[in-house]
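To keep things clear, I will list the structure first and then write my remarks on it.
The values are calculated or read from the model by the stated rules, or taken from the named source; none is laboratory data. Since we're looking at a predicted model, the values are computed, not measured. Here Cβ is always computed from backbone atoms with ideal geometry, including for glycine, and neighbour counts include all displayed protein chains. These area figures cover heavy atoms from the full protein model, side chains too; ligands, DNA and RNA do not enter into them. Shrake-Rupley method; radii C 1.70, N 1.55, O 1.52, S 1.80 Å.
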Amino acid sequence: MNLKNELRGYAKPVAESVLAILIGAFIGALVLWFSGYSPFEAYYWLIRGSLTSVDGIAETLAKSAPLILTAITFAIGARTGLFNIGAEGTVYFGAMAAIIVTQYLQNPIAGLLAGLLIGALWALPAAVLKVYRGVHEVISTIMFNWIAFFLVSWLAVSVYYNPKDPNSTLPIPPSARLPLLVKNTSLSWAFIVAILSAIIVFIVMWHTKLGYELRTSGQNPRAAEYGGINPKRSAIWSFVIGGMTAGLAGAGLVMGTPPSYAITQGLANVYGYGFDGIGVSLVGRNHPLGIIFAGILFGALSAGATAMQQHAHVPLEMIKVIEGIIIIAVAVPGLLDLFARLFRRGEA
Amino acid sequence: MNETMVISLLLGSLAAMVPIALTSIGAVISERAGVVNIGYEGILMFAAFFGAMFAELAGNGWVGILGGAFVGLLFGVLHGVLTVYLKGDHVIPGIGLNLLGYGAVAFGIRAYWGTAGQHQVPSNAQISPLWMDAFGNSLSPMVPITIAVAIIAWWVLFKTPFGLRIRAVGENPEAADALGINVELYRFTAVLIASALAGVAGAYLSVDWLGTVTKTIAAGRGFIALANMVFSGWNPLIALGGAFLFGFFDNFAIYIQNNPWLAGTIPWQFIATLPYVVTLIVVAGIIGRARPPKWDGRPYKRE
């Protein structure tokens, strides 16, 4: 009985996310058609490139790993009443920290811990500004993203550059790389790390006292305060845990992605995961388990994008257009009710 | 620093002031009416792209500015319907719009002009400056227009019945409703004005100031404008001054990068963070005494 109710509670948000995805795909098709491309050809290659072979599926899962982690950053924020969009800059720092630390400690655990730790540290300034100065986190985290971009660019170009390859930083030494799960693909232990992190966050948020405090602060800050929960402490923990997962995303990205195992010029290979994670989180309804599914969906979009560009000649940025539309559709309140009403009117 | 440098820094600051000022003045009007929109970055992106496209089709930069305003208006309708009429969350659609903006413009540059990441706007589609000197310093007609917009916005908000109603629906929609003011209509109108102004700002980036469309053309200005709005205490005239201040630091960073002695000492990337660091410091320092409109970001449902 209890389980049945719980499942019913999940059915509506899941249906609304699916509907939002369909709307994104449909409007995306219209944009393709208006831009002179064949939507059928584009979508055919999108699916073929991501889901119809072992390599494609491996690529999809590999792409999903950092997205799941950055989505969790946003989700923890949202669950605690914060719009933390600082995952983007934290990913750069996580990746850089992993590269720096593994130059000295040639061990994958050291690299992942470096990402985790720098993520927590880089989240603190925004947390302090929010809690003690009331600076809205949307503004501060965006500013910190830009600051991170320039600081990590400087480290990449001027300090930890690769003397043998001017287009990238020093690579992660072989002994500190995350082992591959499927040979000759990009699917590495980074994916396992992401899934385990999602599960740990789920347990912390729903089955510990800290998680209860965080969620109560988000749902009803005043009631939380009456109940003896310190909202400042909750906000700081929310930023710090979120920073850890985003830092981990960056570390996993350079430690688990062949062939370069480095940050490439202009931070090109670590750019955008934080922003995409916001979309993943919203489609996954800010729930760690929903995020795993949404992350794999977004992973498939980006894995298939290359095939779409190669064979249907559609610029791969098209995927971002679809993702943006999906998010706006997710933001429509009562999407399902709205659709139901529209159709009923049509019948009458 | 000699006289020409001072002039170039001043003119550069005025040029950089325009997009931030227009966007934050719009944001002030929208939030005074109680609607938060964090999607200005996306509107700037779209307007920069379509502004350049329209300007080139017409061979006239002003058509681009109007086109930008129109594109902004369309996104205003979207945001207004979602937040004012459907009572949705004010922040999430903005996040979606920002992501959409970055994706769509990168896609659009490739799909429409066939180049990757960047497109130069031909000079016949750019707005000609009011004044120009031999060193390449210039003054855009958009500078006096922006100053006028700030003064008009201030006057309308604080000295006219229309402005009073805008402020009333953001401060106390229940009382406004009781007085017979159509809360939803005033909120919606404020969102439209704000989005159209951001659209003008976006088109200004491509058809006037920068003369190019790039896939990161907004470069965080939509968010700096929001920070500047907070800094201004939701006042259009102070927002104009704040935008000039941010414009100054933006240019000061370029000035330092071009100064061989300073550039040799401090890495340019550090200097490039300056506008963002200053934004943070200013907002952190000012926030204690800034008070947003009481119903800012809260949907109003009639009982």
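Just a few scattered comments:
- Per-q log10 I(q)/I(0), the stretch A:43-313, q = 0.10, 0.13, 0.15, 0.17 Å⁻¹ (Debye; single scatterer per alpha-carbon; no solvent): -0.48, -0.80, -1.03, -1.26
- Cα point-scatterer Debye curve for the stretch B:43-178, base-10 log of I(q)/I(0) at q = 0.16, 0.20 Å⁻¹: -1.05, -1.24
- Charge dipole of the protein assembly as shown about the Cα centre (unit charges at C-beta), most positive-ward option of A:Gly94, A:Leu46, B:Phe135: A:Gly94
- For the pair A and B, total buried accessible area rounded to nearest 100 Å², probe 1.4 Å: 3600 Å²
- Dipole magnitude of the stretch A:43-313, debye to nearest 20 (Cβ charges: Lys/Arg +1, Asp/Glu -1, about Cα centre): 440 debye
- Vicinal HN-Hα couplings computed from phi for the stretch A:12-22 (Karplus, 6.51 cos²θ - 1.76 cosθ + 1.60; Hz; Gly/Pro x): 5, x, 5, 4, 5, 5, 4, 4, 4, 5, 5
- Dipole magnitude (debye, nearest 20) for the protein assembly as shown, charges at Cβ of Lys, Arg, Asp, Glu: 1380 debye
- Dipole of the stretch A:43-313, positive direction: furthest Cα of A:Leu69, A:Ser168, A:Trp154, with charges on the beta-carbon: A:Leu69
- Each Lys and Arg adds +1 at its Cβ and each Asp and Glu adds -1 at its Cβ; summed about the Cα centre, chain B shows a dipole of about 560 debye.
- When the P(r) is computed for the protein assembly as shown, the part past 45 Å accounts for 16% of the Cα-Cα pairs.
- For residues of A:152-162, the mean tally of beta carbons on other chains within 10 Å: 2
- Note on chain A: helix-only mean residue ellipticity at 222 nm, from DSSP H runs of 4+ residues weighted -39500 (n - 2.57) and normalised by residue number, equals -25000 deg cm²/dmol.
- Protection proxy ranking, peptides B:85-92, B:223-230, A:120-127, average beta carbon neighbours within 10 Å, highest first: B:223-230, A:120-127, B:85-92
- The alpha carbon centroids of the stretch A:116-146 and the stretch A:1-50 are separated by 33 Å.
- Centre-to-centre separation between the Cα atoms of the stretch A:198-244 and those of the stretch B:149-177: 38 Å.
- Sequence-distant residues sharing a close amide H with A:Ser188 (under 5 Å, placed H): A:Leu181
- Translational D in µm²/s for chain B (Stokes-Einstein at 25 °C, 0.890 mPa s, Kirkwood Rh from C-alpha pairs): 125 µm²/s
- Taking only Cα atoms of the stretch B:175-246, radius of gyration then Dmax in Å: 15.7, 50
- For chain A, the share of accessible area belonging to carbon and sulfur comes to 67 percent (1.4 Å probe, ligands and nucleic acids excluded).
- Computed with a 1.4 Å probe over protein heavy atoms only, the accessible area of B:Ile152 comes to about 100 Å².
- Extension gain from B:Ala58 to B:Asn258, taking 0.36 nm per residue of separation minus the Cα-Cα distance: 68.4 nm
- Per residue of peptide B:267-277, the mean number of Cβ atoms on other chains within 10 Å of the residue Cβ is 6.
- Here the accessible area of chain B is 66 percent carbon and sulfur, with a 1.4 angstrom probe and all protein chains present.
- Solvent-free Debye scattering, log10 I(q)/I(0), computed from the Cα coordinates of the stretch A:170-270 at q = 0.14, 0.19 Å⁻¹: -0.66, -0.89
- Residue pairs, from the table A:Lys130/B:Lys301; A:Lys232/B:Lys301; B:Lys159/B:Lys294; A:Lys12/B:Lys87; A:Lys320/B:Lys301, whose Cα atoms sit over 23 Å apart: A:Lys130/B:Lys301; A:Lys232/B:Lys301; A:Lys320/B:Lys301
- Straight-line cross-link reach from A:Lys63 at under 14 Å between alpha-carbon atoms covers these aspartates and glutamates, not counting any fewer than eight positions away in the same chain: A:Asp55, A:Asp276.
- Shape summary: the stretch B:186-303 maps onto an equivalent ellipsoid whose semi-axes, from the alpha-carbon gyration tensor, are 32, 19, 11 Å in decreasing order.
- For chain A: relative contact order, % (alpha-carbon pairs under 8 angstrom, 6 or more apart): 35 percent
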